[in-house]
Each structure stands twice: as C-alpha cells, then as structure tokens.
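> Next up is a structure, given as structure tokens.
Only the coordinates and a few stated rules stand behind these numbers; no lab work does. As the structure is a prediction and not an experimental result, all values here were calculated from the model. Quick reminder, even Gly has a Cβ in these numbers, built from the backbone with ideal geometry, and neighbours come from all protein chains shown.
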Amino acid sequence: MIFNLVIIDVQPVFAAEPAENGVHDIFTAKDSTPLEQFKARVLNRILYLDTEIDVSDLNIAPNDIRYTVNGNHLTGIYAARAIVRQNPFYSTAATTGFPEFTYKDNGCVATVKYTYNPAWTQDFVKKVIAGYDEAMALIKPGDSDFAKILKIHDWIVKNVSYGMSTPYYDFAVGALGNRKAVCAGYAQCNQFLLGQVGIESVYIAANTGKKEPHAWNLVKFDGHWFHVDCTWDRGLGVNPNVNHTYFMLSDAELNADGEHSEDWKDPAKGYPSNNLCSIEDKFYKDNKDIATNEQIAANPITIKHEADSAQDYQTNNREHWRTCPAGVEVGREEHTGNPCAVCGYSVQPHTVTVTTNGSGKASVDSATAGGGTEITLTATPDAGYHFKEWKALKGDVTVSDNKFTMPDEPVLLQAVFDKIVKTPAVDATCTKAGNIAYWSCKNCGKYFSKEDCSEGSEIQKHDWVVKALGHDLVKVSGKAATFDDDGCSAYEKCNRYGKEFGKSVIRKMSARLSATSYTYNGKTKTPSVICSGLTRDRDYTVSLPAGRKAVGKYTITVKGAGDKYAGSKTLTYVINPKGTGIKKPAAAKKAFTAKWSRQSAKMSKAHITGYQVQYSLKSNFKSAKAVTIRGYRKTSKKISKLKGKKTYCVRVRTYMKSGKTTFYSAWSKAKRVKTK
Ligand SMILES: [Zn+2]
Ligand SMILES: [Zn+2]
Ligand SMILES: [Zn+2]
Ligand SMILES: [Zn+2]
C-alpha cells in the first residue's frame, strides 16, 4: 500500500471518553465548526459500526462537507469518503465504496451511511482501542514533544511484531488491534498516534536499497523533519529488541548504511527534503526497552544545525552567515578580506575625520573604514579641561565608550572639552559637612575626583561630600558647689572640640545669721541661718551649739547637703552682758564720782564681771579714758586727778570675762559733770 503525504488534522487526546462496550471515542473536533464536528462525528461513530451515523444536529449542507486531496477539492460524499480513507487510522481498513447521505427538509445532511468491510467488527475494534489505550497511557501531561515521539516509537517497536499472517497487517488498526504488521502498518500507526498527541508527521513510501517497497515516517520536531523507521527498529522475529537505529535521523544519517536508498527524495513525491540537522547526544541510542520518564527528563535534546550549502550567504558589512533548512542561523563569522574570500561581499571604505573644540587632542584608529567596522576614538583633554563628548558633525553615528560602528558614509567627529574648576578639600567638623578635593564642570554639572578627569574618576555629589562627623560625646560627672567654689551639674562633652552639653552652674553657697549679737536676758538666743535660694535640710544642714543663753561667743556650723552642695562654714554670734543705767555723777575738786544703777543679783551674779566707766572732755568721747571696776556689786567709782572746772562727759557699761574674751554691754547714756 502506498500513501501520499498526509498530515492529519485532529487535536491531541489524553483522556479517553467513557467506555461503551470497551470502545470509546478517540477523535476530537479541531474546532466547533460544523465541518470539524462532522469529521470527528463520523470518525468516532465508525468505531461503533453505526449503520447510519446521525449528523442532523450539525446542520451541514453536502457542499460544506469538504476535503482536499492532492490539490483536488472534494465535497459531499466524495469528501465524506476521503475524510475516512485519508485518515491514517482508518485508511481503507474500515469502509468500502462511497457513503450515502439522507437529508433533512432544509437540505442539510441527516445521516451518513458507510459500508463496512466484513473484517471490521466490533470485537476487532475493541482490540484496536485496547492497543491504542495502552500506547496513550505512556503519554503524560507536560511531556515534551521529543518525549512523546520517543515513547510512541518505543511502544510500537516493543509491541508490534513484523508479519502478514493477520488481517489488516498493512494498516494502523492492524498494528494496534493484532499487534502484527508490515512497514505500512507500522508507519501509519506511528503517524496516527503522533497526530493524537499533536505531533506532525509524514508517511514516506519509497524503495529500499534492494529496490523493495518500504514505508517509514518523517516526524517534525522543533521545526525540523527527522526520519523514524519503526519497522526496521523492530526487526524480524518473534521478540527482537527495541532498537533506535533508525530513530530521529537526518537524511545523511538515515542512509549512511545505504539500506534506505535516496528514492524518497524524488521531487514528485513532495516529501520534506534537505533535512540536514541532526539530534546531538542520542541518549536513547542503546536503549533496548521503552525510555523512562526519568531518563527523558535527565537528557534534554539539542539539535546540531547544519547550514544549507545550496543557500546564498546572508551578509551585513561585517559578517556573513547561513541558516539551516529550519531557519536557525549557522556559522555567523566576520568577512575574510575585502572583498570577502568566503562570501564575496565587498565593503566600500569612507573617511573618518576627527577634530576638537580647541582644548585637547583627538585621534582615531583608522582614517578610512567600511560600513560595519568598529572604530575606536581617543580624546585627551588639555590640563584644566575634561572630555565631554563626541559630536557627530557629519555622518549618522552614535559614539559610546569612544567606539562607534562605521556607517556607509564619511564621518566627521568633534571631541568637545569643557573647562573644570578645582574645589579644595575642607575638613568636616562635628556639625558641618566638609568635602574632598574635587574638580567640577559648570557646563555639564559633572564632578571628578582627579584633575585629569580620567576614566573612572567621575563622581557624584554624594561622593565628594564628607558628612559632618557628629559629636563624640562622653559623660562628665557633676561637681557639688561649696561655700568657696561654684559647682556644676552632670553633663556631656564632645571629645573632638570640647563642646559641652547640658552643663549648668551651681552657684557657690552663702550663709549668714539673722543677728550676730544679743544682749543677755536669761533666755536662749538662736539667730536664723540665712542661705538665700537654698532649702534647709535638703541643700544644707545646721548644727547649733549648746547653751546659747549665757554671755559668750557661739558658733553655728552650716554644711552643704544633697547632690548639689558640699563643704561647711561656721558662723558666730555673741551674747553680751546687759548694760546698766548711769546716775548723775557727783562733782568734786578735780574729780567726780561716777554712779550707776545696781544690778539685781539674778541678772548680774554670773553675767557681769564688773563695770567700765569712760569719760572725756568731748561729747563724742574722743580721747576718752576708761576705768575698769571689778565686782558686780559696785555702783560707783571716784575718778580723780582730773582738771578743775572742766565739764566731763561720763558713761558706763558692764563687762563679762569669759575665758580670755571680754564681752561688753552697750554704753549707757552720757551724763555731764563739772569738776570743781
Ligand atoms: Zn537546524
Ligand atoms: Zn564574507
Ligand atoms: Zn563638562
Ligand atoms: Zn563635637
């Protein structure tokens, strides 16, 4: 059986329809058009040997049932016949003659009646579907195209033995149902199963090297066609190995052993030819069983692409290359010479000229160049300038990194240099940012870390700013104030420049008494301690002396207290004896007798040692003389050896001796007396 190029047009099937008597649908409509629905309907219902296939629900007119074979556009029953017989699953296995239509009132087809071959029985179809289900069970969702091709090949080669002792041995259904076939059965079975999983393939019919008719497949993978010969990979005999000798081969690989001949290349046959590219690393080559999913996953497939030597080179100004028959680029390389010794392409040279704006030097590595050549430029600024950019004065050129690709026209480029200004370095302080030394261009706003603005020296503002250092603070303890020195609070101090934070002065303490002298009256005398601004028993304490009643000198001790105050100070006060009143002195010759009031024993016994009388010719007691009279009971004293007839002013006070100290009362009023 010889078949022409058939590309089947059904969608992949993974999940089987619910079983009906062991038989289920295996054809899926390509889309929802009535024609595709019609195709799937009749192809599926032939599996059930329907006497009349009901298509009335599809509303399809006979002329809309179409099929094209070898450029012949068929319609009606001719198309309905070809739809079945051109299908690699059925071929001429199931039906004979022409189908018959019955019609609906509107002229659309109601039923299709095919005539079945006597060997096409429900029991046989069950065996076919069982074989089909077994093969399809190998295919998993997510399988790569190559995995599908390999698994289907391996299932057929493992399960279908070579022979012609069973019906349908040269059909796909014979291979699936009886598991025995010849080359035509193998090749149609492979083509059908591949089509079911969405892989395109071609049935090849040609002579072998021994001039015997043979059939195999060209299978499309990654845009390329590869030869697959399931028959010869199975080999003869009852249970030969699974082989991969003729699996996914280029044209050259297929006939390397001369067994297949080149007959299939006859242009009249119209098979895809010039299949130059080959599978690299054929990991399955020595497999003797069905490839496992693990093995497939571990071995990604790559294709070695071969340029079609009949093809003209494709070129640009720099390179030539070709593509493989599937359009993958191969062998891109630079031209060899001008014109190119390989592809003959010649490049027209143009001039490359460089100039400057006057503040540096410019040069180019080639004074003339053909389009596509990479040109390298050099620009060196004078001192005090930086190189800004290349400006194209002539030619459509974009320079980047001092390089550009030569266009097909002359080029004139100007190196543009800008003036730069130095900013000296300024040290940062605790609170003020500084900067490193840098050079800047007013024109383009760029900054450079080096005076020559050399490559890599361009910096950003944040690169030249030196941030303020911030204070380096240490804690300093406070110092208590004393009566002599100010103190201060605890504070923080910056180690860098000595600035102090949070420091407050505690003024030195002062203390005084509300009174420093008293007159004895038999009662306790305690002056108040005045420490202005301070609080007693918080900021200071007071220690009082004992007694404080008798005539004498007393000392009060004031001490700093709490965190803020320390040190001590003594304050003194005195209690003086009580004074006495003066009486009129009695005049005498060049003398007078001073008289005073007598003190009560209670007041005077322990508190008056005696009296002191003072007299003077002047009322302000200038140059006065004094006489001390011991004994508190005394009440008069004669003062003699004075001048006669002179008026003396006289006054008196008490005194008290306490240890080495003598305490005096206040003076009495003064009395006048004129001596005789
Ligand atoms: Zn290729
Ligand atoms: Zn070339
Ligand atoms: Zn600039
Ligand atoms: Zn600081």
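> Starting at the first residue of the stretch 611-627, write each ³J(HN,Hα) from the Karplus equation 6.51 cos²θ - 1.76 cosθ + 1.60 with θ = phi - 60°, in whole Hz, x for Gly and Pro.
Here the 3J(HN,Hα) series is 9, 10, 10, 10, 9, 7, 6, 10, 6, 8, 6, 6, 6, 6, 10, 10, 10 Hz.
> Can you list the HN-Hα couplings for the stretch 312-327, worked out from phi with the Karplus curve (6.51, -1.76, 1.60; θ = phi - 60°), rounded to whole Hz and with x for Gly and Pro?
For the stretch 312-327, the Karplus curve yields 5, 5, 8, 9, 10, 5, 9, 9, 10, 6, 10, 10, 6, x, 8, x Hz.
> If you don't mind, there's one more thing I want to ask. Of Y313, A515, F171, which is farthest along the charge dipole of the chain in the positive direction, counting Lys and Arg as +1 and Asp and Glu as -1 at C-beta?
The residue sitting most towards the positive pole is A515.
> Determine the principal axes of the Cα atoms in the stretch 104-202, then give the extent along each, sorted from largest to smallest and rounded to whole angstroms.
Extents along the principal axes: 50, 37, 24 Å.
> Using all alpha carbons of the stretch 295-442, what is the percent of pairwise distances in each 5 Å bin, ordered from the shortest bin to the longest?
2, 8, 12, 11, 10, 9, 8, 9, 7, 6, 5, 5, 4, 2, 1, 0
> While we're on this one: Please list, in chain and number order, the residues 5+ apart from K646 or on another chain whose amide H is under 5 Å from its amide H, with Hs placed from the backbone.
T675
> Sticking with the crude label model, points 7 Å out along Cα→Cβ, report the distance from D286 to T75 in nm, one decimal please.
With each label point 7 Å from Cα toward Cβ, the separation is 6.1 nm.
> Would you please give the FRET efficiency between D427 and A490, computed as 1/(1 + (r/R0)^6) with r the Cβ-Cβ distance and R0 = 30 Å, to the nearest 0.05?
Numbers: r = 31 Å, r/R0 = 1.02.
It comes to 0.45.
> Cross-link partners among lysines for K269, C-alpha distance below 18 Å, same-chain residues fewer than 8 apart left out?
The qualifying lysines are K211, K220.
> For the stretch 590-601, just list the computed ³J(HN,Hα) in residue order, Karplus coefficients 6.51, -1.76 and 1.60, θ = phi - 60°, integers in Hz, with x standing in for Gly and Pro.
Result, ordered by residue: 6, 6, 8, 10, 7, 10, 9, 6, 7, 8, 5, 4 Hz.
> Under a point spin-label approximation (7 Å from Cα along Cα-to-Cβ), what is the K419-E262 distance to one decimal in nm?
Roughly 7.9 nm, to one decimal.
> Also, I was wondering about something else. Between helix 34-45 and the chain, what is the angle of the helix's C-alpha long axis to the longest principal axis, kept within 0 to 90° and rounded to the nearest 10?
Long axis of 34-45 versus the principal axis of the chain: about 70 degrees.
> Also, quick follow-up: What does the charge add up to near S477, with Lys and Arg as +1, Asp and Glu as -1, over the other residues with Cβ less than 14 Å from its Cβ? Let's see the in-between values first.
On the way: positive: K475, K479, K493, K503, K564; negative: E492, E500, D563.
Net charge in that neighbourhood comes out at +2.
> If you don't mind, another one. Longer than 29 Å from Cα to Cα, which of K569/K669; K549/K641; K422/K467; K589/K660; K578/K660 are they? Say none if no pair is. Please report the intermediate quantities before stating the final value.
Numbers: K569/K669 38 Å; K549/K641 41 Å; K422/K467 19 Å; K589/K660 37 Å; K578/K660 19 Å.
As for pairs spanning more than 29 Å Cα to Cα, those are K569/K669; K549/K641; K589/K660.
> Can you tell which of T572, S532, T557 lies farthest toward the positive end of the dipole of the stretch 512-576, using +1 and -1 charges on the Cβ of basic and acidic side chains (Lys, Arg; Asp, Glu)?
So the residue we want is T572.
> Using the crude model of +1 on Lys and Arg Cβ and -1 on Asp and Glu Cβ, and no other charge, please compute the dipole size for the stretch 538-630 relative to its Cα centre, in debye to 20. Please list the in-between numbers first.
Values: 20 positive and 2 negative charges, 139 e Å.
It works out to roughly 660 debye.
> Moving on to the next point. Over the stretch 398-520, what relative contact order in percent results from Cα pairs under 8 Å that are six or more residues apart? Don't jump to the answer; show the numbers that get you there.
Numbers: 198 pairs, mean separation 18.9, N = 123.
Relative CO of the stretch 398-520 lands at 15 percent.
> Let me ask something else. Tell me the Rg and the Dmax, in Å, that the Cα atoms of the stretch 125-304 produce.
Rg then Dmax for the stretch 125-304, in Å: 15.2, 43.
> Could you give the Stokes-Einstein D for the stretch 512-576 in µm² per second, using the C-alpha Kirkwood radius, 37 °C, 0.692 mPa s?
Approximately 265 µm²/s, per Stokes-Einstein.
> A further question follows. Can you give the charge dipole size of the stretch 595-676 about its Cα centre, rounded to the nearest 20 debye, using +1 on the beta carbon of Lys and Arg and -1 on the beta carbon of Asp and Glu?
That gives a dipole near 440 debye.
> Just how many % of Cα pairs in the stretch 519-655 lie over 18 Å apart, if you round to the nearest whole percent? It would help to have the intermediate numbers written out before the result.
Working: 6068 of 9316 pairs.
Taking all Cα-Cα pairs of the stretch 519-655, the fraction more than 18 Å apart is 65 percent.
> T353's amide H: which non-local residues (gap 5+, or another chain) put their own amide H closer than 5 Å, with H modeled 1.01 Å from N in plane and none for Pro or chain starts?
The list, which skips near neighbours in sequence, is V411, L412, L413.
> Working from the alpha-carbon coordinates of the chain, get Rg over Rh, Rh being the Kirkwood radius. Walk me through the numbers on the way to the answer.
Details: Rg = 65.3 Å, Rh = 39.6 Å.
Ratio of gyration radius to Kirkwood radius for the chain: 1.65.
> Efficiency by 1/(1 + (r/R0)^6): what FRET value for Y664 and T570, r their Cβ-Cβ distance, R0 = 22 Å, to the nearest 0.05?
Values: r = 23 Å, r/R0 = 1.04.
In this case the efficiency is close to 0.45.
> Between helix 76-85 and the chain, what is the angle of the helix's C-alpha long axis to the longest principal axis, kept within 0 to 90° and rounded to the nearest 10?
80
> Working from the alpha-carbon coordinates of the stretch 582-674, get Rg over Rh, Rh being the Kirkwood radius.
Details: Rg = 13.3 Å, Rh = 13.5 Å.
Checking Rg against Rh, the ratio lands at 0.98.
> For the stretch 343-384 and the stretch 649-664, compute the distance between their C-alpha centroids and round to whole Å.
Result: 122 Å between the Cα centres.
> Which distance in Å, rounded to a whole number, links the C-alpha centroids of the stretch 578-610 and the stretch 390-440?
Computed from Cα coordinates, the inter-centre distance equals 114 Å.
> Expected output is a single nm value to one decimal: the length gained when fully extending between K269 and D133, i.e. 0.36 nm times separation in residues minus the C-alpha distance. What is it? Mind dumping the intermediate values first?
Values: separation 136, 0.36 × 136 = 48.96 nm, distance 3.30 nm.
Length difference between fully extended and current span is 45.7 nm.
> For each of E36, E212, count neighbouring Cβ atoms within 10 Å of the residue's Cβ, then give the residues from fewest to most. Present the calculation step by step, with values, prior to reporting the outcome.
Values: E36 17, E212 9.
Listed from fewest to most nearby Cβ atoms, that is E212, E36.
> Under a point spin-label approximation (7 Å from Cα along Cα-to-Cβ), what is the E455-E374 distance to one decimal in nm?
Roughly 1.2 nm, to one decimal.
> So what's the net charge close to V328: Lys and Arg +1, Asp and Glu -1, counting the other residues with Cβ under 13 Å from its Cβ?
Values: positive: K304, R322, R332; negative: D222, E306, D308, E329.
Result for the local shell: -1.
> If R0 is 22 Å, what FRET efficiency do you get for T121 and E100 from their C-beta distance, rounded to 0.05? Walk me through the intermediate numbers first.
Working: r = 21 Å, r/R0 = 0.96.
Rounded to the nearest 0.05, the efficiency is 0.55.
> For the stretch 34-118, what is the largest minus smallest coordinate of the Cα atoms on each principal axis, given in angstrom and ordered from greatest to least?
Principal extents (largest minus smallest coordinate, Cα): 33, 31, 19 Å.
> Given the pairs K140/K288; K622/K657; K634/K676; K461/K493, which are separated by over 29 angstrom at their Cα positions?
Working: K140/K288 21 Å; K622/K657 25 Å; K634/K676 25 Å; K461/K493 32 Å.
Checking Cα-Cα distances, K461/K493 exceed 29 Å.
> What is the dipole size for the chain, taken about its Cα centre, with +1 at each Lys and Arg Cβ and -1 at each Asp and Glu Cβ, in debye to the nearest 20?
On the way: 92 positive and 68 negative charges, 4720 e Å.
Value, rounded to 20: 22660 debye.
> Relative contact order (percent) for the chain, with alpha-carbon contacts under 8 angstrom and 6 or more residues of separation? Numbers along the way, then the final one.
Working: 1502 pairs, mean separation 37.0, N = 676.
Worked out over the chain, it gives 5 percent.
> What aspartates and glutamates does K30 reach when the alpha-carbon gap must be under 18 Å and sequence neighbours fewer than 8 apart in one chain are set aside?
The qualifying aspartates and glutamates are D9, E17, D57, D64, E200.
> Something else: P527: net charge of surrounding residues, Cβ under 10 Å, Lys/Arg +1, Asp/Glu -1, itself excluded? Walk me through the numbers on the way to the answer.
Working: positive: R512, K525, R548; negative: none.
Taking every other residue near P527 into account, the sum is +3.
> If you don't mind, there's one more thing I want to ask. Stokes-Einstein D for the stretch 422-466 at 37 °C, 0.692 mPa s, Kirkwood Rh over Cα pairs, in µm²/s? Mind dumping the intermediate values first?
Numbers: Rh = 10.8 Å.
Calculated translational D: 303 µm²/s.
> Kirkwood hydrodynamic radius for the stretch 349-419: how many Å is it when counted over pairs of different Cα atoms? If you can, show how the numbers build up before the last one.
Details: mean 1/r = 0.0836 Å⁻¹.
For the stretch 349-419, inverting the mean 1/r across all distinct Cα pairs yields 12.0 Å.
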